[in-house]
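What follows is calculated from the coordinates using simple rules that are stated; it is not laboratory data. Because the structure is a prediction, the values reported are computed rather than measured. Note: ideal-geometry Cβ built from the backbone for every residue, glycine included; neighbour counts use all protein chains shown.
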Amino acid sequence: MIQVGLLGCGTVGSGVVELLRDNEGTIAKRTGKQVKLKKVLDKDTEKCLALGLDKNMIAKDFNELVNDEEIDIIVELIGGIEPAFGFIIEAMEKGKHIVTANKDLIAVKGQEIFAVAEKNQVDFYFEASVAGGIPIIYPLKQSLAANDIIEVIGILNGTTNYILTKMTKEGLDFADVLKEAQELGYAEADPTADVEGLDAARKIAILSSIAFNSRVTLDDVYVEGITAITAADIKYAQELGYVIKLLAIAKQENHVIQTKVHPAFIPTNHPLAVVDDVFNAVFVKGDAVDEVMHYGRGAGKMPTASAVVGDIIDIGRNIIIGANGRIGCTCYEEKKVLNINEMSAQFYLRMMVKDRPGVLASIAGVFGNNNVSLATVLQKEATDDMAELILITHEVNEQDLKDSLAILKDMSIVGGIDNVIRLEGINR
Ligand code: NDP
Ligand code: HSE
């Protein structure tokens, strides 16, 4: 029998309890032995009891789980850095295998955790930490392992994808949709990590490390959220044949890595353009496989529990044949990660300018002097003596664009630079 200790009877933890119980027979057959939940721990024991668990399964503290020699696997679903980090390290040092969904922890402490796992020859699995129920970590480590990965582009945050979808379909502004999403329970009371792009940044740090075999942490990821996106930007994107999505992007060229999270115009014929509402997707390009896309629910009780229990089953199989530690840390190289100012992109710019002769030439001159080449220029809705300009650049260096905008914003003919959004997925 494979025995499991569970930390956390919250959203995902309760899903794990239910799935282990509801699919007990299938799970036992696929693992090769019965998988039994032995003990659970939560600050609030009532949460665990409400799941129909026996009173003697409820632990008083972590020691009860970690010192129980019959427990093979500890499933950490309490979230956050501490005490989760300390619990995981102690458990691995006592020979326990770990399953977690904790992206916050892996994105900053991955290296230390993998070192302890390797030293103790235990499994550390974390499929649910990126894109909930969507299989992406195991596929990158196993099914796609023969490829040099060129890029990984994900819609990795359900809350922001729901907000942008609603803004696109109903022509609403960000603040109105966020309020509605919070009332419906789709967005958290404090939505900062989601709408500012941090949640997606943690996830792309994890995927980059695996895809490119080199440690990428949260600090390496350039992050911009969706709070500045307006209904006007979405309308112009549609007019020009694009949709706006919050993308988490990781690319590798000549052994140099780029990682960034930002809203982006993507062409309506890109596979990620049709990923709507709370759904997530991860688009991977490998040198042998070419394009692959993984799509599904990136969060929620049962989709996330599906990934957690899948990990438990695979560790169980490893235990049975004595093969734990088979797929350890994949970060065996040290590659440079570019700073945002060293990267390049195509940009959409929306700005108010004086509506009079010579203005366009002056603006084009500033861009030209800073190596920024323009691909499209549209003049929209003049109000009094002002006009709205929509510009799309060719691919330009980020620093060159910043230099141009710093000059333009102080020019008397410029009323304001209202938004700057990158384009992505154009040349596939
Ligand atoms: P919840 O807040 O619903 O559940 C966590 C539970 O753990 C709560 O009951 C909490 O109690 C308890 N807890 C927290 N700290 C301790 C502690 N020190 N000792 C004992 N119990 C503790 O979180 P989720 O289930 O939503 O998330 C769990 C993990 O899964 C997180 O790492 C999250 O990022 C990840 N995840 C979640 C997804 C989702 O859809 N919810 C999707 C993908 C990943 P209390 O509430 O009293 O603090
Ligand atoms: N808050 C996340 C999202 C789910 O909106 O996708 C947990 O990773």
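Counted by neighbouring Cβ atoms within 10 Å, the residues MET343, MET293 run from fewest to most as MET293, MET343. How much of the DSSP bridge set in the chain is antiparallel, in percent, rounded to the nearest 5? Expressed as a percentage, antiparallel bridges in the chain total about 70. For region 184-260, the spherically averaged projection of the C-alpha convex hull amounts to 6.9 nm².
Amide H to amide H, with H built 1.01 Å from N, ALA187 comes under 5 Å of GLN182, counting only residues 5 or more places away or on other chains.
Direction-averaged projected area, Cα convex hull, the chain: 21.8 nm², rounded to one decimal. With a Förster radius of 51 Å applied to the beta-carbon distance between SER362 and ASN67, the computed FRET efficiency rounds to 0.10. Couplings 3J(HN,Hα) of region 103-120, computed from phi: 5, 4, 6, 5, 5, 10, 10, x, 4, 5, 5, 5, 5, 5, 4, 5, 4, 9 Hz, in residue order, whole Hz [Karplus 6.51 cos²θ - 1.76 cosθ + 1.60, θ = phi - 60°; x for Gly and Pro].
Placing +1 on the Cβ of each Lys and Arg and -1 on the Cβ of each Asp and Glu in region 137-297, which of GLN142, HIS270, PRO191 has its Cα farthest towards the positive end of the resulting dipole? Highest projection toward the positive end goes to GLN142.
Taking Cβ separations below 4.7 Å as the criterion for a possible disulfide partner, the isolated cysteines in the chain are CYS329, CYS331. Derived scalar couplings between HN and Hα for region 189-201 equal 4, 9, x, 3, 4, 6, 6, 8, x, 5, 4, 5, 5 Hz in order, rounded to whole Hz, by the Karplus curve 6.51 cos²θ - 1.76 cosθ + 1.60 (θ = phi - 60°), x for Gly and Pro. Sorting ARG317, ARG215, ARG356 from the fewest to the most surrounding beta carbons within 10 angstrom yields ARG356, ARG317, ARG215.
Taking other Cβ atoms within 10 Å as a rough exposure proxy, THR45, THR168 sort from fewest to most as THR45, THR168.
Working from the alpha-carbon coordinates of region 340-423, get Rg over Rh, Rh being the Kirkwood radius.
Over the Cα atoms of region 340-423, Rg/Rh equals 0.95.
Here the Karplus relation 6.51 cos²θ - 1.76 cosθ + 1.60, evaluated at θ = phi - 60°, turns the backbone of region 209-217 into coupling constants of 4, 6, 5, 10, 6, 9, 5, 10, 10 Hz, with x for every Gly and Pro. Taking amide H atoms as placed 1.01 Å from N in the peptide plane, the amide H of ALA375 lies under 5 Å from those of ILE392, THR393, HIS394, each 5 or more residues away in sequence or on another chain.
In this structure the amide hydrogen of ASP277, modeled in the peptide plane, comes within under 5 Å of the amide hydrogens of THR165, none closer than 5 places in sequence on its chain.
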